[in-house]
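Read-outs: derived from the displayed coordinates by stated rules, not from any lab. Computed from a predicted structure; not experimentally measured. Cβ placement follows ideal geometry from the backbone for every residue including glycine, while neighbour counts extend to all protein chains displayed.
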Amino acid sequence: MVPSRVQRGRIDEKKLVISRRRLALLLKEVKKWSAPATVLLSLYIPPGRPISDVLNLLSEELSVADNIKLKKTRNAVKRALSAAIDRLKMIPKVPPNGLVLFCGEDMETGDFACYVFSPPEKINVFYYRTDKRFITEFLEEMVEDRDAIGILIVERDQGTIGILRGSRLEVLEEISDYIPGKHKMGGQSQRRFDRIIEQMVEDFFKRLAEHAARHFLPYLEKGNLKGIIVAGPGYAKLDFVKGKYLDYRLQQLVSKELVDVAYQGDQGLKEVVLKARSVVQTQLYRDAVEALEEFKGHLAKGTGMVVYGEADVKTALEMGAVKLLLIHEDREDLEEWKEMAENYSGAKVVVIPNSLPESEWFKNTFGGLAGILRYRISR
């Protein structure tokens with residue numbers, strides 16, 4: 001975690017940078033703080049902003065704080081501002097991703113914290129505020145689960161486009177059109193009418209696919225779209241997939257398992273997720289699932305192509321022998337092992353999430369750390 005106290009002297013801005021995982025842990029801690037008055041200071045400084053300008057602003061705010069009537073509130077605000085000023089004076093310049101400070105006092109216990117760090121992604125806004133809580137909204141997206149599953153609910157004349165990101169399920173768009181049902185007239189009129197209806201359905205599928213591409217391709221281009229699930233109440237979903245209406249890049253991500261659901265919209269998306277949990281997990285955590293299966297396969301066959309136990313894994317990494325490094329997400333030293341894999345072995349790191357059924361087995365049996373080797377090594 002980021003320490004609440006900083007040693008006196010100058011601070012190397014590189015040491016202020018924290019990982020996404022450490023930021024997530026910090027936000028959990030910061031959100032526990034609250035106050036009966038607006039005494040908790042939040043400060044966001046974008047890269048390129050001179051520290052001197054920010055110090056001048058905080059000094060002015062410190063002077064204004066003398067006008068606060070309630071002594072306890074006044075003292076708490078001044079303490080937060082003074083702490084922020086002291087920390088900033090030790091930092092020569094704002095790091096490339098910007099700087100964040102959370103400083104404040106628990107007015108009931110007298111406990112005080114001042115967190116200073118540079119986030120894993122760039123801050124684009126200058127923001128200063130004292131409030132009854134620390135303002136964390138600008139950082140929330142940085143720790144959200146970026147992996148996404150696209151969902152399409154398809155009928156002949158209706159469609160829902162949705163996205164699943166972590167625990168967030170969202171309707172992106174709902175589309176509908178009027179398409180007549182089957183006509184009871186006979187002969188050539190019947191065949192002609194059927195062809196017209198088929199063309200209308202095809203046109204609707206094309207429109208649905210175009211709208212889906214508009215929503216899903218940005219996720220794909222960022223590397224976040226891990227799969228697409230197609231669902232619906234009847235045969236339309238199968239016709240849609242077989243017709244390959246989707247952009248070819250999206251078509252490759254469509255799950256082979258189609259899901260039967262009765263509804264469109266938000267209710268339909270929830271039904272998809274409930275009925276296709278295994279599909280969702282497999283698509284969303286494909287790398288983790290495949291890595292665990294490969295690891296288990298080597299164990300079962302006794303190939304000697306796996307390594308576990310901290311000492312043996314470290315040795316294998318230093319030898320450059322590790323192809324895949326499997327790390328459970330609960331390991332506190334996750335970032336250190338990632339860095340070691342990058343520096344020594346160039347191994348691909350696969351994080352095993354708690355949501356996978358076998359993650360508990362991996363954590364309890366192997367300490368949540370193992371490697372799949374490029375070649376056998378003597379141990």
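Translational D (Stokes-Einstein, µm²/s) of the range 13-143 at 10 °C and 1.306 mPa s when Rh comes from the Kirkwood sum over C-alpha pairs?
So the translational diffusion coefficient is about 107 µm²/s.
What distance in nm lies between label points placed 7 Å from Cα along the C-beta direction at Ala300 and Leu55?
So the two model labels end up 6.5 nm from each other.
Can you give me the distance in nm between label points at Asp157 and Arg129, each placed 7 Å from the Cα along the Cα-to-Cβ direction?
The two pseudo-label positions are separated by 4.7 nm.
Excluding residues on the same chain fewer than 8 positions from Lys206, give the aspartates and glutamates whose Cα lies under 14 Å from its Cα.
Filter leaves Glu155, Asp157, Asp177, Glu198, Asp239, Asp247.
Tell me, rounded to the nearest percent, the portion of alpha carbon pairs in the range 222-379 spaced more than 28 Å apart.
Value for the range 222-379 (Cα pairs over 28 Å): 36 percent.
What distance in nm lies between label points placed 7 Å from Cα along the C-beta direction at Lys348 and Glu108?
Going by the 7 Å Cα→Cβ label model, 5.0 nm.
Rounded to whole Hz and in sequence order, give me ³J(HN,Hα) for the range 332-342 from the Karplus expression 6.51 cos²θ - 1.76 cosθ + 1.60, θ = phi - 60°, writing x for Gly and Pro.
Whole-Hz 3J(HN,Hα) from phi for the range 332-342: 5, 9, 3, 5, 5, 5, 4, 5, 5, 4, 5.
Mind listing the long-range amide H neighbours of Val17? Cut-off is under 5 Å, sequence gap 5 or more, other chains count too, H placed in the peptide plane at 1.01 Å from N.
Ser118
If the chain between Asp66 and Glu137 were fully stretched, how many nm would it gain, using 0.36 nm times the residue separation less the Cα-Cα distance?
My answer for the length gained is 22.7 nm.
Hey, which lysines would be in cross-link range of Lys89, C-alpha to C-alpha under 18 Å, not counting anything within fewer than 8 residues on its own chain?
Straight-line reach from Lys89, under 18 Å: Lys14, Lys15, Lys78.
How long are the semi-axes of the equivalent ellipsoid of the range 148-284, taking √(5λ) for every eigenvalue λ of the Cα gyration tensor, in whole Å from largest down?
Each semi-axis is √(5λ); the values are 29, 15, 12 Å.
More than 39 Å apart: what percent of Cα pairs in the chain qualify?
More than 39 Å apart: 41 percent of the Cα pairs in the chain.
Would you mind checking the pairs Lys226/Lys275; Lys31/Lys69; Lys28/Lys222; Lys222/Lys348; Lys28/Lys363; Lys222/Lys323 and listing those with alpha carbons more than 29 angstrom apart?
Check vs 29 Å cut-off fails for no pair.
Decide, for the range 286-373, between rounded, prolate and oblate: order the square roots of the alpha carbon gyration tensor eigenvalues as a ≥ b ≥ c, take rounded if a/c falls under 1.5, and otherwise choose prolate if a/b is larger than b/c, else oblate.
oblate
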